[in-house]
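Engineer: After the structure tokens below, expect a handful of questions from me.
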Amino acid sequence: MSKLQPARGTRDIFGVEARHMTAVVDTFKRVATSYGFEELATPIFEFTEVYKRPLGEASDIVSKEMYTFEDRGGEELTLRPEFTAGVCRAFISNGMQQNTPCRLMSHGPAFRYERPQKGRYRQFHQINAELLGQADPEADVDMIAMAWRILKDLDIAGNVVLHLNTLGDKESRDAYRAALVTYLEGFKDKLSEDSLRRLETNPLRILDSKDEGDREIIAGAPLLSECLNEVSQKFFETVKKGIAAAGVPFVHDERLVRGMDYYTHTAFEFVTDALGAQGTVLAGGRYDGLIEQLGGPATPGIGWAGGIERLAMLSEKGVAPAAATILMPMGEAATLKAIELAEVLRDAGANVMSDRSGNLKKRMNRADKSGAAFAIIIGDTELEAGVAAVKSLSTGEQTDVPFGELAEHVTR
Ligand code: ATP
Ligand code: MG
């Protein structure tokens, strides 16, 4: 064990960062609820097959990032590396096809064996939304508009650009794959090792390569838009018009592909340049074949996931702790009274803590540092008079307030 540190790529989350992250989740839940979403919590581990099949053996996640283990009963299990496959498994397991469209929101930790750096961890956290059972392009628009509203509510929309692309339907993608392979085979001696392997397993994924040599080659590759059939073109046109109508600015990014096998038609990423190489804060797309592939009834789907750590790093929301009231009883009798008053104040909705240690000056210093709103001092004199000395820590003003009026005073 290395000096009681958390395992590499994992972190303890507390203080300001915890508050920022909670603000992201709260905003997500509030906005998604306004779009008709309901909560779904799936287990943190699933049978490995749930991820392996839909994500594809050649995907980064399956080939090198999953935390897979055999449990004591000999089951092959994997810690959730992403939400979509588990949500679709839950859709099938619970017969949700009886009630489509299903709008499902989830959040929580995800696990990937990656090289840790700022904004990239082995345990990280996602907000996730899936809309199942709706095939029309307007569903894609809804999902993107919802993401945009969350970014606006977090005050980070100004730092983020929506990159939008279409991968087309299966026919279009097959045609493109053929064109891409023909082109890339001319560069077999220059491609990175990873990309060479992908040329056999999943050539589209090469477009996602972060290798610089690869990137130069990719710059000259044929474009997917040249291979789109009419259905796919029309679908994409409708999505673009809808997104514009919803007031979401975007750029058409012809090079955007997504890392997983299951995407069709719409693919998108909200990207910032404020976080270095970890620029994608929220990403998703349509995956019409996934549920069928998992063994369920043919059901179209579209979804996205946002990285809570990355969103929290950009947002100022949640910096200030909830304004608190600190009770400062002096002496035994006052301490008992303070216990009673604290409960009365909490009944009224106030956040209350008691500080019973050290002299008054020490307690005031601590209260000031904590960012609390009020200090309430109760000593023998106050007890006798039935009042407390209430000090506003923002103005420094101090007034005597009868016990019965304290709640009103600190929740104003
Ligand atoms: P990247 O290209 O940065 O590796 P990705 O395409 O693997 O991202 P997705 O699988 O689309 O990411 O996950 C959705 C979001 O989850 C990302 O946009 C990002 O904000 C966040 N995310 C993904 N992997 C990590 C990680 N290891 N640490 C922190 N956040 C992550
Ligand atoms: Mg990744």
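Any read-out appearing in this document is the output of simple, stated calculations on the displayed coordinates, not a laboratory observation. Keep in mind that this is a model prediction, so the values were computed, not measured. Please note: Cβ atoms are built from the backbone with ideal geometry, for glycine as well, and neighbour counts cover all protein chains shown.
Engineer: Whole angstrom only: what separates the Cα centroid of the range 44-109 from the Cα centroid of the range 197-244?
Structural biologist: Each part reduced to its Cα centre gives a spacing of 26 Å.
Engineer: In nm, to one decimal, how far is the GLU185 label point from the ASN351 one, both placed 7 Å along Cα→Cβ?
Structural biologist: In this crude spin-label approximation the distance works out to 6.4 nm.
Engineer: OK, next. Suppose R0 equals 45 Å; then what is the FRET efficiency for ILE92 and GLU343 from their Cβ-Cβ distance, rounded to the nearest 0.05?
Structural biologist: Details: r = 48 Å, r/R0 = 1.07.
Between ILE92 and GLU343 the formula returns 0.40.
Engineer: Going by a ≥ b ≥ c, the root eigenvalues of the Cα gyration tensor, does the range 1-139 fall in the rounded group (a/c under 1.5), the prolate group (a/b larger than b/c) or the oblate group?
Structural biologist: It is oblate, given that a/c is not under 1.5 and a/b is not larger than b/c.
Engineer: Report for the range 325-411 the percent antiparallel among DSSP-assigned beta bridges with both residues inside it, nearest 5.
Structural biologist: For the range 325-411, the DSSP antiparallel bridge percentage is about 55.
Engineer: Please report the orientation-averaged projected area of the range 129-195, defined via the convex hull of its C-alpha atoms, in nm².
Structural biologist: Result: a mean projected hull area of 7.5 nm².
Engineer: At what distance in nm do the modelled label points of PHE69 and GLU212 sit from each other, each positioned 7 Å from its Cα along Cα→Cβ?
Structural biologist: Taking the simple label geometry, PHE69 and GLU212 are separated by 3.9 nm.
Engineer: Next up: Can you list the aspartates and glutamates whose alpha carbon is less than 17 Å from that of LYS29, not counting same-chain residues fewer than 8 positions off?
Structural biologist: Within the straight-line cut-off, LYS29 pairs with GLU38, GLU39, GLU130, ASP142, ASP153, ASP155, GLU309.
Engineer: Follow-up. Please give, to one decimal in nm, the separation of the simple spin-label points placed at THR335 and LYS369, each 7 Å out from Cα toward the Cβ.
Structural biologist: 2.2
Engineer: For the range 271-412, just say rounded, prolate or oblate: build the C-alpha gyration tensor, square-root its eigenvalues into a ≥ b ≥ c, call rounded for a/c under 1.5, and beyond that prolate if a/b exceeds b/c, oblate if not. Mind showing how you got there, number by number?
Structural biologist: Values: a/c = 4.21, a/b = 2.66, b/c = 1.58.
Since a/c reaches 1.5 and a/b is larger than b/c, the shape of the range 271-412 is classed as prolate.
Engineer: Name the shape class, rounded, prolate or oblate, that the alpha-carbon gyration tensor gives for the chain, where a ≥ b ≥ c are the square roots of its eigenvalues, rounded holds for a/c under 1.5, and otherwise prolate holds if a/b is larger than b/c and oblate otherwise.
Structural biologist: prolate
Engineer: Here is a follow-up. Could you please state, rounded to a whole Å, how far the C-alpha centre of the range 380-404 is from the C-alpha centre of the range 320-373?
Structural biologist: With the range 380-404 and the range 320-373 each reduced to a Cα centre, they are spaced 12 Å.
Engineer: Let me ask something additional. Would you list which lysines come within 28 Å of LYS391, measuring only between C-alpha atoms, while excluding same-chain residues fewer than 8 positions from it?
Structural biologist: LYS317, LYS337, LYS361, LYS362, LYS369
Engineer: What is the sum of charges, Lys and Arg at +1 and Asp and Glu at -1, for the other residues whose Cβ falls under 14 Å from the Cβ of LEU336?
Structural biologist: Numbers: positive: LYS337, ARG356; negative: GLU332, GLU340, GLU343, ASP380, GLU382.
Computed value for this residue: -3.
Engineer: Here is a follow-up. Highest mean first, how do 197-203, 113-119 rank when packing is the count of other Cβ atoms within 10 Å averaged over residues?
Structural biologist: Ranking, from highest mean packing down: 197-203, 113-119.
Engineer: Can you give the extra length, in nm with one decimal, that the chain gains between LEU223 and LEU196 once fully stretched, where that is 0.36 nm per residue apart less the Cα-Cα distance?
Structural biologist: Gain on stretching LEU223 to LEU196: 7.8 nm.
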